[in-house]
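The values are calculated or read from the model by the stated rules, or taken from the named source; none is laboratory data. For clarity, every value in this text was computed on a predicted model and none was experimentally measured. Please note: Cβ atoms are built from the backbone with ideal geometry, for glycine as well, and neighbour counts cover all protein chains shown. Areas reflect the complete protein model, heavy atoms only, side chains present, ligands, DNA and RNA absent. Shrake-Rupley method; radii C 1.70, N 1.55, O 1.52, S 1.80 Å.
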Amino acid sequence: MGKGIDRTFLHYGVKNEDMRIIEAACDYDGIDSEWLKEYILKPLNNEKSQSNSNTLFEKEVTKVLNKALKQLKNE
């Protein structure tokens, strides 16, 4: 494995190897992995980086999920 910045981790808070597993699971279950990345993983990572700790509380996670689900209903 090469050294350097893992852009997947920077954008989504998930290592590249783990993202491949997430994408495979999405493909298997017919879920759009790009939607999951943009509307759940990326916002969760943004919330986490804005907080002072490395963990999110239920309130922040629920807010991101509700927003993503609302967007999904509107499509």
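List of remarks:
- With DNA, RNA and ligands ignored, accessible area of GLU38 (1.4 Å probe; Å², nearest 10): 70 Å²
- Considering only GLN71, ASN45, TYR28, the residue lying farthest towards the positive end of the dipole of the chain is ASN45, judged by Cα position with unit charges set on Cβ.
- Average accessible surface area per residue within region 32-75, 1.4 Å rolling probe, Å²: 79 Å²
- For the chain, a simple Cβ point-charge model (Lys and Arg +1, Asp and Glu -1, everything else neutral) yields a dipole of about 340 debye relative to the Cα centre.
- Cβ-derived FRET efficiency at R0 25 Å, GLN71 paired with GLN50, nearest 0.05: 0.80
- Qualifying chymotrypsin sites (Phe, Trp or Tyr not before Pro) for region 7-59 [loop in DSSP, other Cβ within 10 Å: at most 16]: PHE57
- Zone residues, region 10-44, relative to LYS63, backbone N less than 13 Å from point 7 Å out along Cα-to-Cβ: 43-44
- Oblate is the label for the chain, because the ratio a/c of its alpha-carbon gyration tensor axes (a ≥ b ≥ c) is 1.5 or higher and a/b is not greater than b/c.
- Exposure of ILE21 as accessible area (Å², to 10), given a probe of 1.4 Å and all protein chains: 110 Å²
- For the chain, carbon and sulfur atoms together expose 54% of the accessible surface, with a 1.4 angstrom probe and every protein chain in place.
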